[in-house]
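Student: One structure, pasted below without further comment.
Bear in mind that the values in this text are calculations on the coordinates, not laboratory data. Keep in mind that what you see is a predicted model, and the values were worked out from it rather than measured. Every residue, glycine among them, receives a Cβ derived from its backbone with ideal geometry; neighbour counts consider all protein chains shown.
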Amino acid sequence: MKHRNRGFPAWPSGCVVLLLLCSGLARPVAQPIDGDAVIAPLAKQSLLLDIHGRGERALAVGEHGHVLLTTDSGRGWRQVPAPTRRMLMGVHLVDDRVAWAVGHQSVILKSGDGGETWAKANAENDPEADGREAAYLDVLFLDGKTGFIVGSYGKLLATRNGGRNWAEAKQEDDPHFSHITPAPDGSLWLCGEYGTVWRSPDSAANWQPRMTPYQGTFFGVMPLAKGGAVVFGLRGNIFRSEDGTE
């Protein structure tokens, strides 16, 4: 049987979509809105991704914006409020008062009271300027003024004034950087995906790539006393260099 038009006009498909949107039958997907982390009774059992401490005070961070604090060398931990629900990937306690934490969707937190309370901070005017939202994966401060943030798509930020201003060091390549750490000789080491291992002898002004036999992702690097380093990553890969060259 042939379908008959019972007096309704033949509307273009675009008009139908517009009608559905206006009527509420079709809704655009809402973007997640950040908010304060929920104080959770089981926060100590949640996924925690980084820890850093000085003396008896230490901080641990992880999923859902969870920040845990201990002031007795880890014998007791408690969750403290944080103004984000994003995944936190890195934390650094600069001294007894100042601490920084970073994570997914370009979130940066700063504390001025040893991790008891936190506020959001900004490192970039527009972290999505290149169309890719950054995930900050690690943070390091050498002292109260000089600090670094590393992350996805070759993100490498540096401050020389305690975080008031940050400058991005553009890279020819854009691997995800996982970890940045200082060495006993004053150099910096950086690692990430595609077998990336870099060393800087001049506080991140210049970087020297190091050859490795692995092209996967490295999650951490541990500098050695005599200029070498140990790097570790996916699939249980661990490599050691005695002199830091390869």
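Student: Just the residues that are buried (at least 19 other Cβ atoms within 10 Å of the Cβ) and more than 15 Å from A134 (Cβ to Cβ), please, taken from the stretch 166-179.
Tutor: Listed by number, the list holds a single entry, H179.
Student: Taking the stretch 228-246, which residues are in contact with a strand residue (DSSP E or B) (Cβ under 9 Å, 6 or more places away or on another chain) and either on the phi > 0 side of the Ramachandran plot or part of a strand (DSSP E or B) (or both)?
Tutor: Within the stretch 228-246, A229, V230, V231, F232, G233, I238, F239, R240, S241, G244 qualify.
Student: Next up: Considering only residues that are farther than 18 Å from T159 by Cβ and basic (K, R), look in the stretch 82-124 and name the one that is surrounded by the most Cβ atoms within 10 Å (Cβ to Cβ).
Tutor: Here the residue is R86.
Student: Would you mind finding the one in G154, G163, G186 that is exposed (fewer than 15 other Cβ atoms within 10 Å of the Cβ), out of contact with any helix residue (DSSP H, G or I) (no Cβ under 8 Å at 6 or more places or on another chain) and on the phi > 0 side of the Ramachandran plot?
Tutor: None of the others qualify; the one that does is G186.
Student: Identify, by number, the condition in (1) in contact with a Leu (Cβ under 9 Å, 6 or more places away or on another chain); (2) surrounded by 18 or more Cβ atoms within 10 Å (Cβ to Cβ); (3) not charged (D, E, K, R) that G233 doesn't meet.
Tutor: Here G233 meets the rest and fails (1).
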